[in-house]
Amino acid sequence: LQFLHSNNIVHGDLKPSNIVKDGLNVSLIDFGNSIIGKVDGNKITYSRNYSTPVFRSPEALQNIYFGPENDIWSLGMTMYFYFREDYSKFYNLSEKELIEYFSENTVKCSKNNKFSNIINSCLNPDYTKRPNIYQVLEMLNPKYKVNKGEIINTNSEKGKQWYEIYNNEFISEVIHTP
């Protein structure tokens, strides 16, 4: 996601089934809804025939805005899903019902760990107040500042440290979450 956003690409369909892990490599798949280029706040029509609505941000559901902030929302919903929050309440809702729910409620992770703060900030209903991907990475590991445009390669020393956070903290937290 960091690579995509640093190259002005919005994935557009980030969800658990589009994240694949193979050893040290974590990859995103399914780029059918991706948009390449600067969005700069302009409205881009988002087809209702694509992507899983429950992972789509409120502004994308309403065709108000489509940009990297939508991927951040989807990242938050994906992490929310991994932490086994009450995800089922969203899954069978129609797009209209999701819009109504998100306009009346704030989605919050109820777990009390460092990931809940990240999830909650990613799920900010105001897309202009969501963190960007670099801020998310810094929240994961405050010791390592990620510069805009910097790509973290899992084969580099810094990448291995990021992977250890992902593998040792995030995955173990998910596995041990009742």
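Brief remarks follow.
- Residues considered: 88, 116. Of these, the only one that is open to solvent by 60 Å² or more (accessible area, probe 1.4 Å), of a type in the set (Ser, Thr, Tyr) and either in contact with a His (Cβ under 8 Å, 6 or more places away or on another chain) or modelled with pLDDT of 65 or more (or both) is 88.
- Those residues of segment 98-113 which are buried (at least 19 other Cβ atoms within 10 Å of the Cβ) and in a loop (DSSP other than H, G, I, E, B), in sequence order: 107, 109
- Meets criteria (at pLDDT 85 or above, in contact with a Lys or Arg (Cβ under 7 Å, 6 or more places away or on another chain) and not β-branched (Val, Ile, Thr)) for residue 95: yes
Quick grid of which residues meet (1) under 20 Å from residue 121 (Cα atoms); (2) aromatic (Phe, Trp, Tyr); (3) at pLDDT 80 or above; (4) open to solvent by 20 Å² or more (accessible area, probe 1.4 Å):
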{"residue": "14", "(1), (2), (3), (4)": "yes, no, yes, no"}
{"residue": "17", "(1), (2), (3), (4)": "no, no, yes, yes"}
{"residue": "20", "(1), (2), (3), (4)": "no, no, yes, yes"}
{"residue": "25", "(1), (2), (3), (4)": "no, no, no, yes"}
{"residue": "72", "(1), (2), (3), (4)": "yes, no, yes, no"}
{"residue": "76", "(1), (2), (3), (4)": "yes, no, yes, no"}
{"residue": "84", "(1), (2), (3), (4)": "yes, no, no, yes"}
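- Residues of segment 120-142 include none that is open to solvent by 70 Å² or more (accessible area, probe 1.4 Å), modelled with pLDDT under 90, over 22 Å from residue 68 (Cβ atoms) and more than 16 Å from the chain's Cα centre (by Cα).
- Any pair with Cβ under 6 angstrom, 6 or more apart, that starts in segment 50-75 at a residue that is at positive phi and ends at one that is among the charged types (D, E, K, R): 51/13
- In segment 50-60, the qualifying residues are those that are at pLDDT below 90 and open to solvent by less than 10 Å² (accessible area, probe 1.4 Å), and the one that is nearest to residue 94 (Cα to Cα) is 54.
The values are calculated or read from the model by the stated rules, or taken from the named source; none is laboratory data. Worth saying up front: this structure is predicted, and the values here are computed from it rather than measured. Here Cβ is always computed from backbone atoms with ideal geometry, including for glycine, and neighbour counts include all displayed protein chains. For the accessible areas, the whole protein counts, side chains as well, though only heavy atoms, and no ligand, DNA or RNA atoms are used. Shrake-Rupley method; radii C 1.70, N 1.55, O 1.52, S 1.80 Å.
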